[in-house]
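Notes to accompany the following structure.
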Amino acid sequence: MFRHLISTRDLDLKTLHAIRGLYLDFKEGRKEELKGDVTLLFLESSTRTRLSFEKACRLLGLRTYYVGRGEGSTEKGESFYDTVKTLEALGFDCIIFRVPFVLFPYDRYKEEFVSLINAGDGTHQHPTQGLIDIFTALDAYKTLEGLKVVYVGDIIHSRVFRSGSYLFKLLGARLGVCGPRTLIPSDLSPFGVEHAFDSVDEAIEWADLCIWIRLQEERFQENYITSKESYFMQFGLTKERYEKLNGYFMHPGPVNLYVDLDAEVLYKDKSLVLQQVKNGLYVRMATLYWALSDG
Ligand code: CP
């Protein structure tokens, strides 16, 4: 028995509640033992996602096999689909993948007899980060119904936004975005966004929860911003703006100091950043257990 998690858009409320239940159980110390072999195929850099998945696998008794940047045969021209078929033929039970490209169309992968868990594909999806963000928000606010959530930063390149925004809407939150117009999708209707703010000060005033996301310069095709200094002054979480927050702020990491946030606010009381990291382990245990167990 196995399931895939490639996009949060494949999750319905029932499944979301089931994964949340597992997350809470693992957070409270539930122990489970699974059998199986898991490939961690990380063709893009990662600290949090890779190590929390690896630790989650080991806590669940799963054997892990790591393939990093420069080590996979996709770099010799093999398609990702053929890599999946190869790992399936080798008898792997699960492939956790982070890749610099978008899996599109991804429905064909759902037919495969190996569980596929997306740890980030290009600008498309990072579903377990979306789960971390809504579960961390739920832990802090108890309900997301009517909660005003604003994403600030590089929205157009953000798989964190694409994954989390869908889940926040599913649980009844209201959504805003804020950033340079060059980094906001021209059509926000698929995401259910109510407000696109040009001013971060207005966004902060509106929101109950602010989520800063990183400028993904590695994906920039052109100069979308004038300079990092001017971006920080216009959109960053400065010490002054921190004082004006109505509630908590989150950031999925990695943080670029003095681009996204001032170093002095990163671990202050209104920050959920380390909570997101801690919860990452339990989200990934829950996801693996949901994907690979008969339950
Ligand atoms: N949030 C996140 O995906 O971080 P890493 O790139 O360190 O895994």
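Considering each of 2, 42 in turn, give the residue that is at pLDDT below 95, closer than 22 Å to residue 99 by Cα and not aliphatic (A, V, I, L, M).
Testing whether each residue is at pLDDT below 95, closer than 22 Å to residue 99 by Cα and not aliphatic (A, V, I, L, M) leaves just 2.
Report the residue count in the stretch 266-280 for those that are buried (at least 20 other Cβ atoms within 10 Å of the Cβ) and under 14 Å from the mean Cα position of the chain (by Cα).
Qualifying residue count, the stretch 266-280: 4.
Please work out which residue is modelled with the lowest pLDDT, limiting yourself to the stretch 95-111 and to residues that are surrounded by fewer than 17 Cβ atoms within 10 Å (Cβ to Cβ) and either within 21 Å of residue 284 (Cα to Cα) or of a type in the set (Val, Ile, Thr) (or both).
Residue satisfying both the conditions and the ranking: 110.
Can you tell which of 242, 231 is aromatic (Phe, Trp, Tyr), closer than 18 Å to residue 158 by Cβ and either modelled with pLDDT under 95 or assigned to a helix (DSSP H, G or I) (or both)?
From the options 242, 231, the qualifying one is 231.
What's the total number of residues in the stretch 53-89 that are over 21 Å from the mean Cα position of the chain (by Cα) and either not assigned by TED's automatic domain parsing to the domain that holds residue 32 or not in a helix (DSSP H, G or I) (or both)?
Summing the residues that are over 21 Å from the mean Cα position of the chain (by Cα) and either not assigned by TED's automatic domain parsing to the domain that holds residue 32 or not in a helix (DSSP H, G or I) (or both) in the stretch 53-89 gives 12.
Looking at the stretch 238-250, can you tell me whether even one residue there is without any contact (Cβ under 8 Å) to a residue 60 or more places away in the chain and either hydroxyl-bearing (Ser, Thr, Tyr) or within 13 Å of the ligand (Cβ to nearest atom) (or both)?
Yes: the stretch 238-250 contains one or more residues that are without any contact (Cβ under 8 Å) to a residue 60 or more places away in the chain and either hydroxyl-bearing (Ser, Thr, Tyr) or within 13 Å of the ligand (Cβ to nearest atom) (or both).
Given the structure, is residue 286 in the same structural domain as residue 122 (by TED's automatic domain parsing) and under 22 Å from the mean Cα position of the chain (by Cα)?
When the stated conditions are applied, residue 286 passes them.
In the stretch 15-47, which residue that is within 16 Å of the ligand (Cβ to nearest atom) and not in a loop (DSSP other than H, G, I, E, B) is farthest from residue 289 (Cα to Cα)?
Ranking the qualifying residues of the stretch 15-47, first place goes to 42.
Can you name the number of the only condition in (1) among the hydrophobic types (A, V, I, L, M, F, W, C); (2) farther than 16 Å from residue 121 by Cα; (3) more than 13 Å from the ligand (Cβ to nearest atom); (4) surrounded by fewer than 19 Cβ atoms within 10 Å (Cβ to Cβ) that residue 67 fails?
All conditions pass for residue 67, except number (2).
On the basis of being surrounded by fewer than 20 Cβ atoms within 10 Å (Cβ to Cβ) and within 13 Å of the ligand (Cβ to nearest atom), does residue 50 make the cut?
Answer is yes for this residue.
Part of a strand (DSSP E or B) and either of a type in the set (A, V, I, L, M) or farther than 19 Å from residue 49 by Cβ (or both): does that describe residue 102?
The answer is no for residue 102.
Determine whether residue 154 is over 13 Å from residue 219 (Cβ atoms) and either free of Cβ contacts under 8 Å to residues at least 40 places away in the same chain or crowded, with 24+ Cβ neighbours inside 10 Å (or both).
The answer is no for residue 154.
Just one of 253, 280 is within 16 Å of the ligand (Cβ to nearest atom) and on the phi > 0 side of the Ramachandran plot; which is it?
253
All but one of (1) in the same structural domain as residue 154 (by TED's automatic domain parsing); (2) surrounded by fewer than 22 Cβ atoms within 10 Å (Cβ to Cβ); (3) of a type outside the set (Val, Ile, Thr); (4) touching a residue at least 12 places away in the same chain (Cβ under 8 Å) hold for residue 263; which doesn't?
Every condition holds for residue 263 apart from (4).
If you go through the stretch 168-179 one residue at a time, do you hit one that is within 16 Å of the ligand (Cβ to nearest atom), in contact (Cβ under 8 Å) with a residue 60 or more places away in the chain and in a helix (DSSP H, G or I)?
Within the stretch 168-179, not a single residue is within 16 Å of the ligand (Cβ to nearest atom), in contact (Cβ under 8 Å) with a residue 60 or more places away in the chain and in a helix (DSSP H, G or I).
From the list 253, 295, pick out the single residue that is outside any helix (DSSP H, G or I) and either in contact with a Gly (Cβ under 8 Å, 6 or more places away or on another chain) or at pLDDT below 95 (or both).
Going through 253, 295 in turn, just one is outside any helix (DSSP H, G or I) and either in contact with a Gly (Cβ under 8 Å, 6 or more places away or on another chain) or at pLDDT below 95 (or both): 295.
Give the stretch 118-150 a look and list any residue that's among the aliphatic types (A, V, I, L, M), within 16 Å of the ligand (Cβ to nearest atom) and surrounded by fewer than 20 Cβ atoms within 10 Å (Cβ to Cβ), or say none.
Of everything in the stretch 118-150, nothing turns out to be among the aliphatic types (A, V, I, L, M), within 16 Å of the ligand (Cβ to nearest atom) and surrounded by fewer than 20 Cβ atoms within 10 Å (Cβ to Cβ).
The values are calculated or read from the model by the stated rules, or taken from the named source; none is laboratory data. This one's a predicted model, so the numbers in the text were calculated from it and none came from an experiment. Counting neighbours? That spans all protein chains shown, and the Cβs are built from the backbone with ideal geometry, glycine included.
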